[in-house]
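The values are calculated or read from the model by the stated rules, or taken from the named source; none is laboratory data. Since the structure is predicted, the reported quantities are computational estimates derived from the model, not experimental observations. Here the Cβ is made from the backbone with ideal geometry for all residues, glycine too, and neighbour counts use every protein chain on show.
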Amino acid sequence: MASCSSISTPVKNESKFLNFITLGVSKEQIIEKYGNPLSIGVSENTEILYYSERLKDFIVTTEFIFENKKLKEKKVSKIENSYQSDFRKIYSLLEDIEKKGK
């Protein structure tokens, strides 16, 4: 997967994808409307755009799943407490510091 952008920082009460129901649109239309995804997954005829956003104390990851270049499905794939995510980042930084010290 290729990283394309970072998690949006403003804390909101409602997902920007909440009222999205248009299946059959192209990947380009999604990117035009919502910006570059956090990452992209690709296999044979399937491509998945991953978007993450902070909603109150949670980080929500939404997948836009394309088959044959048309949107087939939109779903929430992960809901994570933002404190868990922050803890992982701190732990990773500490590991990096420890490795550099050796």
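Worth a mention:
- Answer residue from the range 1-15, given it is among the aliphatic types (A, V, I, L, M) and assigned to a loop (DSSP other than H, G, I, E, B) and is modelled with the highest pLDDT among those: Val11
- Test for Glu53: is it surrounded by fewer than 17 Cβ atoms within 10 Å (Cβ to Cβ), of a type in the set (Asp, Glu), touching a residue at least 12 places away in the same chain (Cβ under 8 Å) and under 17 Å from Phe17 (Cα atoms): no
- Enumerated strands (runs of 3 or more DSSP E) restricted to the range 16-85, each holding at least 1 residues that are at pLDDT below 90: 46-55, 58-67, 70-81
- Candidate set from the range 22-62 (those that are among the aromatic types (Phe, Trp, Tyr) and within 10 Å of the chain's Cα centre (by Cα)); member that is farthest from Glu73 (Cα to Cα): Tyr51
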